[in-house]
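Okay, so here's the structure we're looking at.
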Amino acid sequence: MAERAETWFVTRKYPPRIGGMERLSWELTTRIAKRRSARIVALRRGNHWLPLFIGYSALLILANAIRGKILLVHLGDPALAPLGRLAKLCNVPVCVTVHGLDVTYPHWLYPFWLRIFLRDFDAYICISSAARAAAIAKGVPASLTQVIGVGVTAPGAPVNAVREEDLLLFVGRLVKRKGLEWFVRVVLPRVAQRRNGVRLVIIGAGPERPAIHRAATAVGVADRITWLGAVPESERMTWLSRAAVCIAPNVHVPGDIEGYGVVALEAAAAGCALVAADLEGLRDAIVDGQGGRLIASEEADAWTATIVELLVDRTAAAALGERAREWARSERNWESVCERYELIFNALEHRTRW
C-alpha cells in the first residue's frame, strides 16, 4: 500500500523543555495530528544540538519530498528557515510561525541568516501584531502574513482557593524587557506606602535577578519579596489561584520584543486580576477590561493607582478575574487556534489563496 503524504511539523522548541514556544508547538502538533496525517520532527534537547538537528531534518525533508510524501512543511520559527528553503526547492508549500524575538534577535550574523533564508515562503503566521510588524520590518511581504495568537487551557470550573490579601505575583523569565527591575524600584515602594502588608512573589529565573535584588535593597522593599525561582507548572498555577493581582510590567527594549505574553494569558485563565503593560505582544494576549487591565508602560502613577485600587476593592478584583477567566475560555482556547492554522494548511496544500 502506498504511503500517504503528510503535513510535516518541524520545530526546535518542544517538550520536555518548557516555555511558550514549546507549549505552542506541543498543542499544534498533538491536536492537528488527531485530524490529519502528520509527522513531527522535533528537537527535544538543548539548542547546542541545533546544527545537527538542521542537518538531520534537511536529509529527512529531501528524501521524503522527492518521493512526494510531504504535503506541507510548517516551521516552528524562523531560525529553521533553511529547511523551508530546501522544501520550497522541492516544490513543497511552506509556512512558518513568527514569535517576535526570532526575527529581532540582535546577534550580528542573524539578520544575514534571515535575509538569505527567510524568503519566498507561502505564509508567515505571526503570534501577535507586534511580531507581524517585526517580520515586515525584516522584509516579509505583508500580504503573506496573518496574526494567530496563542491559546491557553482554562480551568473547567472556578478555583475555590482563597486569594491572599495584598499578594502580588510575577511569573516570567528575569530579563530586562519584563520590567521587573523598574517595577521593584519605582512602583512597589509606592504601593507599600499605601498598603503596608503588600508583598511580591517572584516565579522565574534569569540574568536580571541581581539587578532586581539591588533595586529592592536600595529602595527598602527587599523584605517584601519572596524568590521562588523556576517552579513546575502545577505550582505556578497554584500561585495564580492564590495571588490578589498578577503583574506583567514590561518595558521597551530595542531588539527584544515581547512576542505575546503567555503568562498574562495564563493569569486570565486562572481568574487572577491582571495588570499588564500596554506594550507589544501583551496587547494581543489580552483585551483591556476583559482579560485584565492594560496600563501604559513605565507610567508609575497609573500602575500604582491601578494596583492599589484592586488590592483595596477585592470585589472588583474578583470580578475582573472572573471576566478574564470567561474571556480566556471563549476567546483564547487551543481548539480555535488550531482551527485557524488548519484553514491556512488546507489552502496551501490545495495551492489556493488563504
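The values are calculated or read from the model by the stated rules, or taken from the named source; none is laboratory data. Note that the structure is a prediction, hence the values are computed from the model and not measured. Here the Cβ is made from the backbone with ideal geometry for all residues, glycine too, and neighbour counts use every protein chain on show.
Worth pointing out:
- Test for Leu348: is it crowded, with 22+ Cβ neighbours inside 10 Å and under 18 Å from the mean Cα position of the chain (by Cα): no
- Selection count, segment 16-32, where residues are charged (D, E, K, R) and either without any contact (Cβ under 8 Å) to a residue 12 or more places away in the chain or over 18 Å from Asp102 (Cα atoms) (or both): 3
- When segment 86-125 is limited to residues that are charged (D, E, K, R) and touching a strand residue (DSSP E or B) at 6+ places or on another chain (Cβ under 7 Å), the one that is surrounded by the most Cβ atoms within 10 Å (Cβ to Cβ) turns out to be Asp122.
- Segment 99-139 - residue that is aromatic (Phe, Trp, Tyr) and outside any helix (DSSP H, G or I) and, of those, nearest to Ala79 (Cα to Cα): Tyr105
- When residues of segment 257-275 are limited to those that are of a type in the set (A, V, I, L, M, F, W, C) and closer than 16 Å to Gly100 by Cβ, the one surrounded by the most Cβ atoms within 10 Å (Cβ to Cβ): Ala264
- Ala205 small (Gly, Ala, Ser), outside any loop (DSSP other than H, G, I, E, B) and either touching a residue at least 60 places away in the same chain (Cβ under 8 Å) or over 23 Å from Ala130 (Cβ atoms) (or both): no
- Residue match in segment 270-280 (condition: under 15 Å from the mean Cα position of the chain (by Cα), over 26 Å from Arg329 (Cα atoms) and touching a residue at least 12 places away in the same chain (Cβ under 8 Å)): no
- Filter result for Gly68 (over 20 Å from Gly151 (Cα atoms) and modelled with pLDDT under 95): yes
- When Ser336, Ser330 are screened for being without any contact (Cβ under 8 Å) to a residue 24 or more places away in the chain, within 19 Å of the chain's Cα centre (by Cα) and within 27 Å of Arg31 (Cα to Cα), only Ser330 passes.
- Filtering Ala215, Ala211 for residues that are surrounded by fewer than 20 Cβ atoms within 10 Å (Cβ to Cβ) and outside any strand (DSSP E or B) leaves a single hit, Ala211.
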